[in-house]
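K.L.:
I have a structure here, written as structure tokens, and I will follow up with some questions on it.
The values are calculated or read from the model by the stated rules, or taken from the named source; none is laboratory data. What you are looking at is a predicted structure, and each value in this text was computed from that prediction instead of being measured. Cβ placement follows ideal geometry from the backbone for every residue including glycine, while neighbour counts extend to all protein chains displayed. With ligands, DNA and RNA removed, areas are computed over all heavy atoms of the protein, side chains included. Shrake-Rupley method; radii C 1.70, N 1.55, O 1.52, S 1.80 Å.
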Amino acid sequence: MITKWLDTLTEYDGSQLRWDFGYRLGIPGNSILLFRGPAKVSDHLVDLEDALHEDYIYSPDMIHILITKFHEPLITAIHRQRFAMWALANLLNNRLNLFATSLQIKVHGDDLLILTPPPEGTVSDNILRKLSVSIATTSGHATVTHIGVNVVSPEKSLVKVPTIGLEEIAR
């Protein structure tokens, strides 16, 4: 499997979730491609429930991981996706030294979430905030998985769920 960081800032719009995305960049076969850039997905939503509710994915700045694996069943890609999310949560908790704090990144299904205290001066409960997006699907004779981790959290008015970014967690 070829692993490559793409130096070019790339906007993720969902069209990259194809078996030939790497191939078109000169990276044929099984690959893990990493890149950084915004995410704006509305036309290429794979999750049918999201599409039916006219949801969208937006982040001004994400780290994207795109895994393409040929000739494997979708269930294998889903297992890899779930394992990758657990590994990513563990890596981030360790790197950001969160095990020593009340903040901890948790995995819920295929999402990374973090429970944060309410804003100062409010009397509300802790807030569960979303750090990532993730999907595994098939394309041609391959499975393709996308994992996106917020570097910067989108403005509240631009998303439907509370979010958080790595920059805010690292403060």
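K.L.:
Grab the DSSP H runs of the chain that are 4 residues or longer, score each as -39,500 (n - 2.57), total them, divide by all residues and round the 222 nm result to the nearest 500 deg cm²/dmol.
P.N.:
Numbers: 4 runs with 36 residues, N = 171.
About -6000 deg cm²/dmol.
K.L.:
Trp19 accessible area, nearest 10 Å², 1.4 Å probe?
P.N.:
Surface open to solvent at Trp19 totals about 100 Å².
K.L.:
Quick one: Kirkwood hydrodynamic radius for the stretch 92-171, alpha-carbon pairs, angstrom, one decimal?
P.N.:
Numbers: mean 1/r = 0.0710 Å⁻¹.
Final number for the Kirkwood radius of the stretch 92-171 is 14.1 Å.
K.L.:
Sticking with this one: Just to be sure I understand, if you calculate log10 I(q)/I(0) by the Debye sum over Cα atoms at q = 0.09, 0.13, 0.16 Å⁻¹ for this structure, which of (1) -0.46, -0.95, -1.26; (2) -0.31, -0.65, -0.97; (3) -0.36, -0.72, -1.01 do you get?
P.N.:
(2)
K.L.:
Still on this structure, I have one more. Could the peptides 88-100, 141-153 be put in order, highest first, of the mean number of other beta-carbon atoms found within 10 Å of their residues?
P.N.:
Values: 88-100: 14.4, 141-153: 20.9.
Highest-to-lowest ranking by the protection proxy: 141-153, 88-100.
K.L.:
For helix 74-95, what angle does its Cα long axis make with the longest principal axis of the chain, in degrees from 0 to 90 and rounded to 10?
P.N.:
Result, in degrees: 40.
K.L.:
Continuing with the same structure: So what is the accessible area of the stretch 39-161 per residue, in Å², with the probe set to 1.4 Å? Present the calculation step by step, with values, prior to reporting the outcome.
P.N.:
Details: 7120 Å² over 123 residues.
Normalised by residue count, the accessible surface of the stretch 39-161 is 58 Å².
K.L.:
Sticking with this one: Using the crude model of +1 on Lys and Arg Cβ and -1 on Asp and Glu Cβ, and no other charge, please compute the dipole size for the stretch 31-171 relative to its Cα centre, in debye to 20. Let's see the in-between values first.
P.N.:
Working: 12 positive and 15 negative charges, 101 e Å.
The dipole magnitude comes to about 480 debye.
K.L.:
Right, next: Going by average Cβ density within 10 Å per residue, which order do the peptides 105-113, 6-14 take, highest to lowest? Could the numbers behind the result be given before it?
P.N.:
Values: 105-113: 16.6, 6-14: 14.3.
Packing order, densest peptide first, comes out as 105-113, 6-14.
K.L.:
So, taking all protein chains as they sit and a 1.4 Å probe, how much accessible area belongs to Ser59, in Å² rounded to tens?
P.N.:
We get 0 Å² for Ser59.
K.L.:
Hey, any idea what % of the chain's accessible area is carbon plus sulfur with a 1.4 Å probe? Numbers along the way, then the final one.
P.N.:
Details: 5520 of 9940 Å².
Ligands and nucleic acids excluded, carbon and sulfur reach 56 percent.
K.L.:
Over the stretch 104-143, what lengths in whole Å, largest first, do the semi-axes of the equivalent ellipsoid take, defined as the square roots of 5 times the eigenvalues of the alpha-carbon gyration tensor? It would help to have the intermediate numbers written out before the result.
P.N.:
Working: eigenvalues 231, 13, 7 Å².
Output for the stretch 104-143: semi-axes of 34, 8, 6 Å.
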